[in-house]
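The values are calculated or read from the model by the stated rules, or taken from the named source; none is laboratory data. Bear in mind the structure is a predicted one, so any value in this text is a computation, not a measurement. Using ideal geometry, Cβ is built from the backbone for each residue, glycine included, and neighbour counts are taken over all protein chains shown. To get the accessible areas, we keep the full protein, side chains included, count just its heavy atoms, and leave off ligands, DNA and RNA. Shrake-Rupley method; radii C 1.70, N 1.55, O 1.52, S 1.80 Å.
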Amino acid sequence: MSETAILAGGCFWGMEDLFRGLPGVLDTEVGYTGGKLENPTYNDMKTGTTGHAEALKITFDPAKIDYETLLGFFFKIHDPTTPNRQGNDRGSQYRSLICYLNDEQKKIAEHVIAQINASGKWPGKVVTEVAPAGEFYNAEAYHQDYLQKNPGGYTCHYVRPEWNL
């Protein structure tokens, strides 16, 4: 039995590359979510006018990794305190967003964010949006597994080992 998580935290290439290495992650797909335009392309989305965010759909085995652990890792690999920005990437398409698929995921997301805010490890409050999952549109084929196909390609993501839930 597998479950799905949909997360946005800046450039989807870096997120995919880091999440795919976690034990219990079965599959990853990069794409677009949270916007109004049906079937957006990268050229549509990169304008920042469609409302979509670059996102990652993660299929995982909950017997090996739970949703809370995935979210803990999510908050270790991006800065959740910068609205509409990760590294050099700026615009609403690079916002921090958790798209929950059920009430339990929403509850866990809110709990994890409260823990992070209470920890004081980030210099500001978490601005990550928590919203019901809408349509997820797969990105073009050249975006899938991008950093595996292009080692050394651009990413603004890295694991912050000092930050733990």
So which residues in the stretch 80-99 are open to solvent by 30 Å² or more (accessible area, probe 1.4 Å) and either under 11 Å from the mean Cα position of the chain (by Cα) or touching a residue at least 40 places away in the same chain (Cβ under 8 Å) (or both), if there are any at all?
-> THR82, PRO83, ARG85, GLY87, ASN88, SER92
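Which of the following residues is on the phi > 0 side of the Ramachandran plot and modelled with pLDDT of 95 or more: GLY87, GLY10, GLY24, GLY91?
Details: GLY87 fails: modelled with pLDDT of 95 or more; GLY10 fails: modelled with pLDDT of 95 or more; GLY91 fails: modelled with pLDDT of 95 or more.
When all the criteria are applied, what remains is GLY24.
Within the stretch 55-64, can one find any residue that is touching a residue at least 12 places away in the same chain (Cβ under 8 Å) and under 18 Å from TYR154 (Cβ atoms)?
Yes, some residue in the stretch 55-64 is touching a residue at least 12 places away in the same chain (Cβ under 8 Å) and under 18 Å from TYR154 (Cβ atoms).
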Would a scan of the stretch 27-45 turn up a residue that is farther than 17 Å from ILE98 by Cα, open to solvent by less than 20 Å² (accessible area, probe 1.4 Å) and more than 12 Å from the chain's Cα centre (by Cα)?
-> yes
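Go through the stretch 1-26 and give me each residue that's under 21 Å from PRO151 (Cβ atoms), part of a loop (DSSP other than H, G, I, E, B) and open to solvent by 30 Å² or more (accessible area, probe 1.4 Å).
Taking the stretch 1-26 first, the residues under 21 Å from PRO151 (Cβ atoms) are 10-22, 25.
Among the residues that remain, those that are also part of a loop (DSSP other than H, G, I, E, B) are: 10-11, 20-22.
Of everything in the stretch 1-26, those that are under 21 Å from PRO151 (Cβ atoms), part of a loop (DSSP other than H, G, I, E, B) and open to solvent by 30 Å² or more (accessible area, probe 1.4 Å) turn out to be ARG20, GLY21, LEU22.
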Where residues in the stretch 120-165 are out of contact with any helix residue (DSSP H, G or I) (no Cβ under 9 Å at 6 or more places or on another chain) and farther than 28 Å from LYS107 by Cα, which of them is most open to solvent (accessible area, probe 1.4 Å)?
-> PRO151
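So which residues in the stretch 49-65 are under 17 Å from the mean Cα position of the chain (by Cα) and either exposed (fewer than 15 other Cβ atoms within 10 Å of the Cβ) or under 15 Å from ILE98 (Cα atoms) (or both)? Write out each step before concluding.
Quick first cut of the stretch 49-65, residues under 17 Å from the mean Cα position of the chain (by Cα) only: 51-60, 65.
The answer is GLY51, HIS52, ALA53, GLU54, ALA55, LEU56, LYS57, ILE58, THR59.
If I filter the stretch 100-119 down to residues being modelled with pLDDT under 95 and surrounded by 14 or more Cβ atoms within 10 Å (Cβ to Cβ), which single residue comes out as nearest to the chain's Cα centre (by Cα)?
Here is the first cut: in the stretch 100-119, the residues modelled with pLDDT under 95 are 115-119.
In the following step, the residues that additionally are surrounded by 14 or more Cβ atoms within 10 Å (Cβ to Cβ) were identified as 115-117.
Working: GLN115: 18, ILE116: 16, ASN117: 18 Å.
Out of the qualifying residues, it is ILE116.
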Flagged pairs (Cβ under 7 angstrom, 6 or more apart or on separate chains; first in the stretch 112-138, more than 24 Å from THR33 (Cα to Cα); second assigned to a helix (DSSP H, G or I)) are ILE116/PHE75; TRP122/ILE116
Residues located in the stretch 127-136, provided they are more than 14 Å from the chain's Cα centre (by Cα) and either among the charged types (D, E, K, R) or farther than 24 Å from GLU3 by Cα (or both) = GLU135
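Can you pull out the residues in the stretch 139-165 that are of a type in the set (Asp, Glu) and closer than 22 Å to LYS36 by Cα?
GLU140
Each row is one residue, and each column tells you yes or no for (1) part of a helix (DSSP H, G or I); (2) under 18 Å from TRP13 (Cβ atoms); (3) among the polar types (S, T, N, Q).
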{"residue": "THR47", "(1), (2), (3)": "no, no, yes"}
{"residue": "ALA55", "(1), (2), (3)": "no, yes, no"}
{"residue": "ALA63", "(1), (2), (3)": "no, no, no"}
{"residue": "GLU68", "(1), (2), (3)": "yes, no, no"}
{"residue": "LEU71", "(1), (2), (3)": "yes, no, no"}
{"residue": "PHE75", "(1), (2), (3)": "yes, no, no"}
